[in-house]
Amino acid sequence: MAAEKLEAPASVSIEIFEKYDEELSQECHNIIAALPSESDWFSVQLYRYQGFWYQKRLIQPILNCQKHFQAHDTDIFIATPLKCGTTWLKALTFTIINRKKYNLNPNLDTTQTNAPHPLLTANPHVLVPNLEFDLYFNTNNPDLSSFPSPRLLSSHLPYASLPEPAKQSRCKMVFLCRNPKDVFVSFWHFTNRLRPDIQEFNTIEYLFEKFCRGVNYFGPFWDHVLGYYKESLERPEKIMFLKYEELKSEPVRVLKDLGKFLGYGFSEEEENGNVIDDILRLCSFENLKNLEVNKSEKLPAGVENKTYFRRGEVGDWKNFLTIDMMKQIDAITEEKFGKHDLKF
Ligand code: A3P
C-alpha cells in the first residue's frame, strides 16, 4: 500500500475554502443553521444540503444558481462528481464543438487558416466554467449574455439539485463517472495536494471512512451517480452517461458518440481523416499535463492547474487500497449499483 510518494502540497491558503459568514445572505444563514454538519479533512465544516455534502462556502452559490440560472435549449452541461475526469471531458467537449475554429494539430502548418487552440494557453476549467464554483460563487445573478452559443457549462451538483431550468430545458448534459475506488484514491491525493503547508497529510484511513459513509464533497458518490444514471435512462436524448474507463479503452468510439449526441457529429471525411486522432492527442493526459499553462499557472480561485493532472490511469487504486478497503468499497458499490446493473 501507499507505494507512491505523496506530492508536496500546492501552496493554497485555507481562505479559498471558506466563504466568510458576512458574505452569506440571511436566507443562506437560516438554511445552514438547520443542516446536519460534520468536519471535513481541512477541519472545515461540511453541511448536508438536499441529501449531499458541501462546504459552507458552496451553499450560497448553489442557492444563487438554483434561483437565478436560466437555461438555453442549446446549452451543454458537463456534469461530474469530483475526480471522475472532469478536466479531460471539458477539454474534449470544448474541442469537439470548436473543431472548425481552431488548429487541432500544433505540429502542422495549417497556413494559418485556423487560430491557435485555446487549450494550449488555458486550462480546461477556464474554458468551461462551473456554475457553483465560478459563475455563481461571488455573484447572485451573473450576466451570461456574452457567452457564445452553445454555452458550455459545468457542474458537480447532483441531478436533483441542478437549477430547474437546466432540467426542464432541452439542453444537453454529459455525465462522466468512474470506478469509485479510483475516484477515492484520486480524491485522497487531491486533498493532500491542496492542503495548506501548516496542515498534516490526510491519512488514507481517515478519508476512506468518510468517503464510504458518503461524507465527501458532492457525496455520497454512489447517490450522485445514480441520480444521473436513472435520468439518463429516462431521457437518453438529454443525458449521455459515460464512464472514465470507456473513454480510456474506446476513445474513438466514445468521441464519435459524443459528437453525435451533442449535435456535432463527425462527417465521413472527418472520421476517415485525422480529426478524431488530433482531438484525442490534443486532449490527452500527457499533452495537457506538459503544457506550460498546466505546469505553472493557477486557476482564478488559486488552485494550481497541475493539481488536476496526476496519473490518469485506470486501476491505480491497486497501489493504495488494502484488501479490506477494496472489499468495503466493492460491497457498497454492489449494494447501491447492483440492482441497476451498473458495473465498474
Ligand atoms: P488521477 O488522480 O487518478 O490521476 P477531475 O478532472 O474530475 O478533477 O479528475 C481528475 C482525474 O482525471 C485525475 O485522476 C487526473 O489525473 C485525471 N485526468 C486529468 N486529465 C486527464 C486526461 N487528459 N486524460 C485522462 N485522465 C485525466
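Computed from label points 7 Å out along Cα-Cβ, the spacing between residue 26 and residue 297 is 4.3 nm. Step through the table entries 248/295; 100/295; 210/298, compare each Cα-Cα distance with 25 Å, and write down the pairs that go over it. Check vs 25 Å cut-off fails for 100/295; 210/298. Bridges between two residues of the chain, per DSSP, are antiparallel at a rate of about 35%. When each of the peptides 79-91, 321-333, 261-273 is scored by the mean number of other C-beta atoms lying within 10 Å of its residues, the order from highest to lowest reads 79-91, 321-333, 261-273. Peptide packing for 202-212, 123-133 was compared via the average number of neighbouring C-beta atoms within 10 Å per residue; ordered from the highest value, the list is 123-133, 202-212.
For residue 172, a cut-off of 15 angstrom between C-alpha atoms picks up these aspartates and glutamates, skipping any fewer than 8 places away in its own chain: 73, 75, 164, 231, 234, 237, 257. When shorter helices are ignored and each DSSP H run of at least 4 residues is given -39500 (n - 2.57), the per-residue value for the chain at 222 nm works out to -11500 deg cm²/dmol. Using C-alpha pairs under 8 Å with a sequence gap of at least 6, the mean separation divided by the residue count of the chain gives a relative contact order of 25 percent.
Within a straight-line Cα-Cα reach of under 16 Å, residue 318 can be paired with the following lysines, leaving aside sequence neighbours fewer than 8 residues apart in one chain: 5, 181, 327. Extents of the chain, taken as max minus min of Cα coordinates on every principal axis and listed largest first, are 57, 47, 44 Å.
Descending by average beta-carbon neighbour count within 10 Å, the peptides 135-142, 37-44 line up as 135-142, 37-44, the highest first. Region 83-122 and region 162-238 have Cα centres lying 26 Å from one another. Averaging 1/r over each pair of different alpha-carbon atoms in region 216-344 and inverting the result gives 17.8 Å, the Kirkwood hydrodynamic radius.
No value in this document is a laboratory result; all are computed from the given coordinates. Everything numeric here is computed off the predicted structure, so don't read it as measured data. All Cβ positions, even for glycine, are placed from backbone atoms using ideal geometry, and neighbour counts span all protein chains on display.
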